[in-house]
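The values are calculated or read from the model by the stated rules, or taken from the named source; none is laboratory data. Treat the numbers as computed from the prediction; the structure is a model and nothing was measured. Here the Cβ positions follow ideal geometry from the backbone for every residue, glycine too, while neighbour counts run over all protein chains shown. In case anyone asks, the SASA skips ligands and DNA or RNA and just uses the protein heavy atoms, side chains included. Shrake-Rupley method; radii C 1.70, N 1.55, O 1.52, S 1.80 Å.
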Amino acid sequence: MSGPLILGVESSCDETGVAFVRGNELLGDVVASSVDEHARFGGVVPEVASRAHLEALVPTIRRACEETGHKLADVDAIAVTSGPGLAGALMVGVSAAKALSWALDKPLYGVNHLAAHVCADVLDHGPLPEPTVALLVSGGHTNLLLVRDIASDVVELGSTIDDAAGEAFDKVARVLELPYPGGPHIERAAADGDPQAIRFPRGLTARKDLEKHRFDYSFSGLKTAVVRWVQERQVAGEPVPVADVAASFNEAVVDVLTAKAIDACRTHGINDLQIGGGVTANSRLRALAEERCAAAGISLRVPRVRLCTDNGAMVAALGSQLVQRGLPPSSLDLPADSSMPVSEVKAS
Amino acid sequence: MLLLAIDTATSAVTVAVHDGDRVLGEHTEVEARRHAEILTPTIERVMDQAGRRPADFTAIAVGVGPGPFTGLRVGVATAVTLGLALDVPAYGVCSLDAIAQSVRESGMTQDFLVATDARRKEVYWARYRSHADRVERVSGLPGVDRPAELPEDLRALPVAGRGPLLYPDSFGQPLEQGDVDAGSLARFALGELAAGRELLPVQPLYLRQPDAQPASAQKSVLAR
């Protein structure tokens, strides 16, 4: 084993993650989630998430140490998500990381959550092919990125102009009376349905939209279309075919996600696509991405599901890249930046 | 012994280092909304001035509020993480007690109130009594109320904290102690520990539930 030993801390949404990475190797990864506490609210409640982060903080760091047999004093650097994300949630992780950096006299790297998602895959499949196109899909983000250098050159090609894809799953689940979080429940319901049963709209794919929003996404119209379709059945006193609605909605989402990602690869002459973020747990997304990448001669990389959801491992992985490339650490007065742009891989 | 005292429960970020006899260094920065940015650099600065290193600490005392949640958590997260990294105990102190300590140190001998900004037109408050050797919170756990709804006899007491500055019509004469200063917090914590009294767990005194409504039914999108 070689390379710097990095401790990664993540707290941008509802998962408190702490992990140790050496070089490109994951040594241990502990995640405490407050997802159950948000269920009755139908979405992440920032104050609930922030309180849960603070409670989980020390136990999660402790467990990561126990699992890896490493002491905090062993680390060469600390990496923390400094944005984007929920401000109050970010501040818990950022405060902890600064305390560690100062107490242990080790450099601090404030890193971008989205770049960290892209970087997670180095832990599964080794160094990223660069350049690569990356598609990030989660409850809070939906972005298409052009990654020329994961440590220093990440450009946003497009993003959602309204809801994140995962948010659309949550909202449609509520309409179908399925539990939160919507993604896994919709996928389960969709297993018995016909994805071609209902032709739901594909956001921003009309010719006029492609001029301005070629690589952007929109899921708000799709959600409204599903709600309307369901309510029309209800008003007419007809049964709602939940499986068909779920399957058709799921298909509409993954169709547009993958189509635009492939288009981005072709447009930029890039033959590598990286996918990450919590929605990557969706098996239809993985299957359709594989199928379309194979047809287009693009090699696809997707890390295991555990590395796609929020975790400290991806933060440590990106921190490791920054350290290995000799980039200077962030300042101790680094802010939690809830709207950190993806072009800023590392906070100054 | 070397105690690090910090508080982020008011608009100030305040840090002090106490060696058991006296405060070796102290700094207070009044910069609401930037707590997460400036706390650790402020600790670093106070320690450098005191000529001490992180490994020299033997304990940490932190204000656990009540106070605006986001800023409050910055102090608590920092304290518990430092405690873990340096393997030293961390103690919680009610932030109003720290303000009361500085009121007592200014020579106050009668009962007084501490009322701080709880936002939403409310204050966090508690009643204190000065003794020869210490200050005592005599009203139990701090309350959170609209100033005008506090009993008349409480509002007539001298009041420290920002409450009387924000709500001058509801309170009597404001005392000069507005925000927490960490030197007072350190002296309060050491006094309590020396007297064998327990400090608080290092958990925020939120006193309010998170603001959130359970998911409601989907509204109709159909034209009526």
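Here are a few things to note about the model shown:
- Pair list, Cβ under 6 Å, 6 or more apart: the range A:32-56 residue in contact (Cβ under 8 Å) with a residue 24 or more places away in the chain, other residue hydroxyl-bearing (Ser, Thr, Tyr) and assigned to a helix (DSSP H, G or I): A:Ala32/A:Thr60
- All conditions but one from (1) open to solvent by 20 Å² or more (accessible area, probe 1.4 Å); (2) facing chain B (nearest Cβ under 9 Å) apply to A:Leu57; the one that does not is (1).
- Across the range B:191-224, the number of residues qualifying as at pLDDT 95 or above, more than 17 Å from B:Gly71 (Cα to Cα) and at the interface with another protein chain (Cβ under 9 Å from one of its Cβ atoms) comes to 0.
- Filtering the range A:225-244 to residues that are open to solvent by less than 10 Å² (accessible area, probe 1.4 Å) and under 27 Å from A:His213 (Cα atoms) leaves A:Val226, A:Val227.
- Single match in A:Leu86, A:Leu108 (criterion: over 22 Å from the mean Cα position of the chain (by Cα), closer than 24 Å to A:Ser343 by Cβ and of a type outside the set (D, E, K, R)): A:Leu108
- Among (1) over 16 Å from A:Ser95 (Cα atoms); (2) out of contact with any strand residue (DSSP E or B) (no Cβ under 7 Å at 6 or more places or on another chain) - the single one A:Arg51 does not satisfy: (1)
- For beta carbons closer than 7 Å, sequence separation of 6+ or different chains, a first residue in the range A:301-328 that is in contact (Cβ under 8 Å) with a residue 60 or more places away in the chain and a second that is open to solvent by less than 30 Å² (accessible area, probe 1.4 Å) and of a type in the set (Phe, Trp, Tyr), the qualifying pairs are A:Ala316/A:Phe20; A:Gly319/A:Tyr109; A:Leu322/A:Tyr109.
- Single condition A:Ser348 does not satisfy, out of (1) open to solvent by 60 Å² or more (accessible area, probe 1.4 Å); (2) closer than 21 Å to A:Ser159 by Cα; (3) part of a loop (DSSP other than H, G, I, E, B): (2)
- Looking across the range B:24-53, the residues that are in contact with a Leu (Cβ under 6 Å, 6 or more places away or on another chain) and either open to solvent by less than 10 Å² (accessible area, probe 1.4 Å) or facing another protein chain (nearest Cβ under 10 Å) (or both) come down to B:Thr40, B:Pro41.
- Going through (1) surrounded by fewer than 17 Cβ atoms within 10 Å (Cβ to Cβ); (2) more than 21 Å from B:Ile6 (Cβ to Cβ) one by one, B:Ser130 falls short only on (1).
- Filter pass, A:Ala243 being more than 14 Å from every other protein chain (Cβ to nearest Cβ), modelled with pLDDT of 95 or more and more than 30 Å from A:Thr267 (Cα to Cα): yes
- Residue that is farthest from A:Leu86 (Cα to Cα), among those in the range A:290-335 that are in contact with a strand residue (DSSP E or B) (Cβ under 6 Å, 6 or more places away or on another chain) and in a loop (DSSP other than H, G, I, E, B): A:Ile298
- Verdict on A:Ala336 being open to solvent by less than 50 Å² (accessible area, probe 1.4 Å) and over 17 Å from A:Ala120 (Cβ atoms): yes
- Listed here are the strands (runs of 3 or more DSSP E) enclosed by the range A:61-150 that have at least 3 residues being among the aliphatic types (A, V, I, L, M) and open to solvent by less than 20 Å² (accessible area, probe 1.4 Å): A:77-83, A:132-137, A:142-149.
- Listed by first and then second residue, the pairs with beta-carbon distance under 6 Å, at least 6 apart or on different chains, first residue in the range A:208-231 and within 30 Å of A:Leu178 (Cα to Cα) and outside any helix (DSSP H, G or I), second charged (D, E, K, R) and open to solvent by less than 40 Å² (accessible area, probe 1.4 Å), are A:Phe219/A:Asp163.
- Members of the range A:40-54 found to be open to solvent by 40 Å² or more (accessible area, probe 1.4 Å), of a type outside the set (Lys, Arg) and not in a loop (DSSP other than H, G, I, E, B), listed by number: A:Pro46
- The residue list B:Ala5, B:Ala77, B:Ala9 contains one member that is open to solvent by less than 20 Å² (accessible area, probe 1.4 Å) and free of Cβ contacts under 8 Å to residues at least 60 places away in the same chain, which is B:Ala77.
- Single residue of the range A:166-186 satisfying the filter (among the hydrophobic types (A, V, I, L, M, F, W, C) and within 20 Å of the chain's Cα centre (by Cα)) that is surrounded by the fewest Cβ atoms within 10 Å (Cβ to Cβ): A:Ala173
- Taking the criterion of being surrounded by fewer than 19 Cβ atoms within 10 Å (Cβ to Cβ), assigned to a loop (DSSP other than H, G, I, E, B) and away from every other protein chain (no Cβ under 14 Å), the residues of the range B:84-121 that qualify are B:Ser106, B:Gly107, B:Thr109, B:Gln110, B:Asp111, B:Lys121.
- Test: residue in the range A:187-207 that is without any contact (Cβ under 8 Å) to a residue 12 or more places away in the chain, open to solvent by 20 Å² or more (accessible area, probe 1.4 Å) and of a type in the set (Asp, Glu): no
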